[in-house]
Amino acid sequence: MSMNTTVTDQLTDYSKAICGLNKPLKVAMVAGETSGDILGAGLIAEIKHHNPNACCYGIGGSLMKKKGFNSIFPMERLSVMGLFEVLGRLKELIKMRRQLRDKLFNDPPDVFIGIDAPDFNLGLEKQLKAKGIPTVHYVSPQVWAWREGRVKKIQQSIDHMLVLLPFEARYYKNRNIDVTFVGHPLADKVDWHPDKKSSRISLGILNKKSPVIGLLPGSRKTEVARLGEVFLETARLLKKKWPDACFIAACANAQRKDQLQNILTSFKELNVKLYVAQSSQVMAASDAILIASGTATLEAALHKRPLVVSYRMNPLTFAIVRRLVKVDHVALPNLLVGRELVPELLQENATPEKLYAAMEKVLIDRVYQAEITQSFELIHHQLKRNASQLAYGAVKSLIEERISNAS
């Protein structure tokens, strides 16, 4: 029987059998940032499609909440990046994890799914697994890039790993860790040929012959603090070459919009248009994108748009990370093609002048644009696998196996 048939036809009877009509499936989840919120929302939709009474709760964002998720703590409180940044919040994070652990101990879910956020989730998963609660980790920590010693902790903490990238599945299979390559939900969501014209109309951008340039300085407060002004200084240089250029910025939420709006008070001549929770439309409407490193770089690639990737972090954090990292690239599109197809300008190289030069090239070089379009189409084809359905199927199989072993 195919996974599709199993997932579609058997869950209702299964959930009745293990839970009873008055005891819906209980799924605990923790997502720590916007990319995890996207993954969680897709998985919750799949769970509830097959089991409408399922109870999904834990820590998640606005997209998960829209699917009926009950978030015990605000997801924003987990959204922190960098070694020294985490240290400043460590007491709060430990307390939050302990409170969530105690709740799950007292009222055990049928399965726990940690979505990314490995520094928070793996420790929680280890404790839950020791109590007999099935644990799934959705999105592999980048152990293939740095801190490979975490593999041992992963083996101790999880029953199943769900990975987004094909080479990650091979990595875990070679280490005898149960794994499923699910592809990426963004590849399922983004159209093969995103409609630039209709996206511009939806954003109120009409009759633009000069470049439309997307600015995505990140979803975290610290990212916008470090990249917001740099991106706007870059936009100022681009405006000198293209006086009629239109700049559009995607903000992850209202807080990031307010933060970027405050920075914009020094750049009033740019007239940057800000949009909340509309990153996909901003990407589709753009001729080129200046973007913070992270999952959003993959989404930009799936939109087949030229992009330049940048990032800045605490200098001490960066110095430590640089010594530990074993890969040559940080941007997901570059990791997938195995070379620097997309310009990466990080830390001391993330200057307005260097970002301007990279953006100018991707905006005017037609041969390069054709090359990246072809490469991005291959990436899209590789990752489009109906990720939420495959993830759900793996989770369901794990629970079924536990029930079978217990009977």
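Distance between Cα centroids, segment 153-182 to segment 129-151: provide it in whole Å.
Using only Cα atoms, the two centres lie 8 Å from each other.
Going by average Cβ neighbours within 10 Å, how do the peptides 97-103, 308-314 rank, with the highest at the top?
Numbers: 97-103: 15.0, 308-314: 23.3.
Per-residue Cβ counts within 10 Å, averaged per peptide and sorted highest first, yield 308-314, 97-103.
For segment 190-290, state what percent of all Cα-Cα pairs lands in each successive 10 Å bin, counting from 0 Å until the bin that includes the largest distance.
16, 51, 30, 3
What residues of segment 203-243 lie in the reach of a label at Lys354, counting those whose backbone N is under 19 Å from a point 7 Å from the Cα along Cα→Cβ?
Inside the label zone: 216-218, 223-238.
Could you work out the relative contact order of the chain, using alpha carbon pairs under 8 angstrom and six or more residues apart, expressed as a whole percent?
Rounded, it is 16 percent for the chain.
Structure shown: which of Lys189/Lys257; Lys153/Lys257; Lys153/Lys304; Lys66/Lys240 lie over 31 Å apart, alpha-carbon to alpha-carbon?
Lys153/Lys257; Lys153/Lys304; Lys66/Lys240
Under 8 Å for C-alpha pairs, at least 6 residues apart: give me the relative contact order for segment 218-284, rounded to a whole percent.
So the answer I get is 39 percent.
Could you give the nm distance between label points at Asn70 and Glu269, where each point is 7 Å from its Cα heading toward the beta carbon?
Result for the modelled spin labels: 5.5 nm.
Among the chymotrypsin sites (Phe, Trp or Tyr not before Pro) within segment 118-224, which fall in a DSSP loop and have no more than 13 other Cβ atoms within 10 Å of their own Cβ?
Those satisfying the criteria are Trp192.
So how far apart, in nm, are the two label points at Lys129 and Gln382 if each is 7 Å from Cα heading toward Cβ?
Going from the Lys129 label point to the Gln382 one covers 2.8 nm.
What does the charge dipole of segment 171-307 about its Cα centre add up to, to the nearest 20 debye, if the Cβ of each Lys and Arg holds +1 and the Cβ of each Asp and Glu holds -1?
Approximately 280 debye in magnitude.
Rounded to the nearest 0.05, what FRET efficiency is calculated for Asn174 and Arg147 with R0 set to 22 Å and r the Cβ-Cβ distance? List each step's numbers first, then the result.
Working: r = 18 Å, r/R0 = 0.80.
Once rounded, the FRET efficiency stands at 0.80.
Going by average Cβ density within 10 Å per residue, which order do the peptides 285-292, 381-388, 238-245, 107-114 take, highest to lowest?
The packing order, highest mean first, is 285-292, 107-114, 381-388, 238-245.
Based on Cβ point charges of +1 for Lys and Arg and -1 for Asp and Glu, what charge dipole magnitude is obtained for the chain about its Cα centre, in debye rounded to the nearest 20?
620
Give the accessible surface of the chain per residue, rounded to a whole number of Å², with probe radius 1.4 Å and ligands, DNA and RNA excluded.
Per residue, the chain has an accessible area of 45 Å².
Any idea how far apart Phe167 and Ser62 come out in nm if each label point goes 7 Å out from Cα toward Cβ?
Roughly 3.5 nm, to one decimal.
With respect to the cross-link table entries Lys196/Lys268; Lys95/Lys131; Lys209/Lys361; Lys241/Lys268; Lys65/Lys91; Lys152/Lys173, which display a Cα-Cα separation exceeding 23 Å?
Violating the 23 Å limit, Cα to Cα: Lys196/Lys268; Lys65/Lys91.
Identify all aspartates and glutamates with a Cα-Cα distance to Lys396 below 15 Å; exclude those on the same chain that are fewer than 8 residues away in sequence.
Asp9, Asp13, Glu46, Asp110, Asp159, Asp178
How high is the relative contact order of segment 133-251, given as a whole-number percent (alpha carbon pairs under 8 Å, six or more residues apart)?
Answer for segment 133-251 is 18 percent.
Select one label from (1) 38, 23, 20; (2) 46, 24, 20; (3) 35, 31, 20: the one whose number is semi-axes √(5λ) of the Cα gyration tensor in Å as derived from the coordinates shown.
Of the labelled values, this structure produces (1).
I'd like the accessible area for Thr373, computed on protein heavy atoms only with a 1.4 Å probe and all protein chains in place. Round to 10 Å², please.
Estimated to the nearest 10 Å², Thr373 gives 50 Å².
Report, in deg cm²/dmol and to the nearest 500, the calculated mean residue ellipticity at 222 nm for the chain, where each DSSP H run with n ≥ 4 adds -39500 (n - 2.57) and the sum is divided by the residue count.
Per the formula, -16500 deg cm²/dmol.
How many percent of DSSP beta bridges within the chain run antiparallel, rounded to 5?
0
The values are calculated or read from the model by the stated rules, or taken from the named source; none is laboratory data. No experiment lies behind these values; they were computed from the predicted model shown. Ideal geometry is used to build each Cβ from the backbone, glycine not excepted, and the neighbour counts take in all protein chains shown. We work out accessible area using only protein heavy atoms, side chains counted, and drop any ligands, DNA or RNA first. Shrake-Rupley method; radii C 1.70, N 1.55, O 1.52, S 1.80 Å.
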